[in-house]
Amino acid sequence: MPALSQLLLRIASEFSKTPGPRTRAEGKHSAEEFLDTILLNRFDQAVSEGQSLLIDLDGGYGYGTSFLEEAFGGLARQRGVEVVLQHLDFKSDEEPYLRDDVTRFIRQAKTGFR
Amino acid sequence: MKWTVWIPALLLGLVSGFMLGALRVVRVKPEFSFDGLATLGIGLLLFLGVQLVYTRISDDRRAERDLLISLAKDVVAAVDEVDGICEQLNPLEQFQDGHVATLNSALQKYSNSLRMLDAAVKGCKLEGPGDLLARCSEDRYRYKDFLTDSPYPNRFAAGSRRQQQALHSQLKENLTTLIFKINRI
């Protein structure tokens, strides 16, 4: 299958350099807020245009497991694991393992985290 | 200087040759033979060539092993740094942004040091440490998962310090086993 053209989403500049907790109730810059206000819309746009969404994870202060799982695992729970894996890609020059971690959260989304 | 290792080898060869010639079962003709000299010369050259290649390979392997052990020790140091920060943060009821940045930075350093080790093991094409390295990678994931899941980044879960320490010990145990494995290659 030929590679899809890409939309870019930079979390640090478009959402926050200090991603927060899992849910809105726990504090600011939550994964729930990110998913609802930015990620879902941008992902749906990419899918409707036949593109993939490239998430740039660099430039911030780092990500907690709770944020990544709620955001990207949450996306997979809402849109489907296979669709997300097909239309989502990640870039992290600062911490290369992040890419593998997030992919794992997506794959585990339906079976439940942990 | 490397050439100095050849001197004792040459002396050992000469002494061994004389001792061999002194044996009763060995008859040494008191003649000068160009054929014999040529054979000796060729044998010597072959021996030197094989010795050179072996020394080169063995030096390269030793250098690679030393590098891998150094990188593995970097991972251990990075893990200890994370645990030190956790020790300081555990009593706090609310983290500040600086606390979160510090812990994230230490976790990133740990991740990147493990990645470097992984790349180096693959670069050396060593098969022995593969399973242990995979276990260390799983440890990293489990450790980071435990530390940075809710209620992080607000605080650590109450009473989680003992489990943090248990995970930290497990990490170090597997890393130490990996270092031993690399050292025996």
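The values are calculated or read from the model by the stated rules, or taken from the named source; none is laboratory data. A quick note: this is a predicted structure, and the numbers were derived from the prediction, not measured. Using ideal geometry, Cβ is built from the backbone for each residue, glycine included, and neighbour counts are taken over all protein chains shown.
For A:Gly60, the conditions (1) buried (at least 20 other Cβ atoms within 10 Å of the Cβ); (2) part of a strand (DSSP E or B) are fulfilled apart from (2). What are the residues in the range B:105-134 that are closer than 16 Å to B:Ile179 by Cα and touching a residue at least 40 places away in the same chain (Cβ under 8 Å), if any? Answer for the range B:105-134, where residues must be closer than 16 Å to B:Ile179 by Cα and touching a residue at least 40 places away in the same chain (Cβ under 8 Å): B:Ser113, B:Met116, B:Leu117, B:Ala120, B:Val121, B:Cys124, B:Leu126, B:Gly128, B:Pro129, B:Leu132, B:Leu133.
If we keep just the residues of the range B:57-78 that are among the hydrophobic types (A, V, I, L, M, F, W, C) and either surrounded by fewer than 12 Cβ atoms within 10 Å (Cβ to Cβ) or without any contact (Cβ under 8 Å) to a residue 40 or more places away in the chain (or both), which is farthest from the other protein chains (Cβ to nearest Cβ)? For the range B:57-78, the residue satisfying everything is B:Ile57. Per the listing B:Tyr141, B:Tyr152, the residue uniquely within 8 Å of another protein chain (Cβ to nearest Cβ), within 30 Å of A:Arg24 (Cβ to Cβ) and assigned to a loop (DSSP other than H, G, I, E, B) is B:Tyr152. Just wondering, is there one or more residues in the range A:86-97 that are within 11 Å of chain B (Cβ to nearest Cβ) and either more than 22 Å from B:Tyr143 (Cβ to Cβ) or of a type in the set (Lys, Arg) (or both)? Checked the range A:86-97: at least one residue is within 11 Å of chain B (Cβ to nearest Cβ) and either more than 22 Å from B:Tyr143 (Cβ to Cβ) or of a type in the set (Lys, Arg) (or both). As a summary of the residue check, A:Thr65 satisfies the conditions (1) of a type in the set (Ser, Thr, Tyr); (2) modelled with pLDDT under 95; (3) more than 28 Å from B:Asn112 (Cβ to Cβ) except for the one numbered (3). In the range B:83-98, the residues that are of a type outside the set (A, V, I, L, M) reach residues that are assigned to a loop (DSSP other than H, G, I, E, B) with C-beta atoms within less than 7 angstrom, at least six apart or across chains, in these pairs: B:Asn90/B:Phe156; B:Glu93/B:Arg155; B:Gln94/B:Asn154; B:Gln94/B:Arg155; B:Phe95/B:Pro153; B:Phe95/B:Asn154; B:Phe95/B:Arg155; B:Asp97/A:Thr18.
When A:Gln51 is tested against (1) within 11 Å of another protein chain (Cβ to nearest Cβ); (2) among the polar types (S, T, N, Q); (3) more than 23 Å from B:Leu147 (Cβ to Cβ), exactly one condition is not met: (1). So if I check each of A:Leu8, A:Leu4, which one is in contact with an Asp or Glu (Cβ under 7 Å, 6 or more places away or on another chain), outside any helix (DSSP H, G or I), away from every other protein chain (no Cβ under 14 Å) and over 29 Å from B:Phe156 (Cβ atoms)? On inspection, the qualifying residue turns out to be A:Leu8.
Rundown of residues vs (1) over 28 Å from A:Leu4 (Cα atoms); (2) in contact (Cβ under 8 Å) with a residue 12 or more places away in the chain, yes/no style:
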| residue | (1), (2) |
| --- | --- |
| A:Gly20 | yes, yes |
| A:Ala25 | yes, no |
| A:Asn41 | no, no |
| A:Gly50 | no, yes |
| A:Ile55 | no, yes |
| A:Ser66 | yes, yes |
| A:Glu69 | no, yes |
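Taken together, B:Cys136, B:Cys124 contain a single residue that is surrounded by 13 or more Cβ atoms within 10 Å (Cβ to Cβ) and within 18 Å of B:Ala77 (Cβ to Cβ), which is B:Cys136. Summed over the range A:81-108, the residues that are part of a helix (DSSP H, G or I) and over 18 Å from A:Leu40 (Cα atoms) give a count of 6.
Scanning the range A:2-18 for residues that are touching a helix residue (DSSP H, G or I) at 6+ places or on another chain (Cβ under 9 Å) and free of Cβ contacts under 8 Å to residues at least 40 places away in the same chain turns up A:Glu14, A:Phe15. Has the range B:163-184 got any residue that is in a loop (DSSP other than H, G, I, E, B), buried (at least 16 other Cβ atoms within 10 Å of the Cβ) and either more than 13 Å from chain A (Cβ to nearest Cβ) or of a type outside the set (A, V, I, L, M) (or both)? No, the range B:163-184 contains no residue that is in a loop (DSSP other than H, G, I, E, B), buried (at least 16 other Cβ atoms within 10 Å of the Cβ) and either more than 13 Å from chain A (Cβ to nearest Cβ) or of a type outside the set (A, V, I, L, M) (or both).
Consider the range B:79-114 and keep the residues that are within 7 Å of chain A (Cβ to nearest Cβ), in contact with a Pro (Cβ under 9 Å, 6 or more places away or on another chain) and closer than 19 Å to A:Gly20 by Cα. The one that is surrounded by the most Cβ atoms within 10 Å (Cβ to Cβ) is B:Asn104. When you go through (1) at pLDDT below 90; (2) within 11 Å of another protein chain (Cβ to nearest Cβ) one by one for B:Cys124, which number turns out not to apply? The one condition B:Cys124 does not meet is (2).
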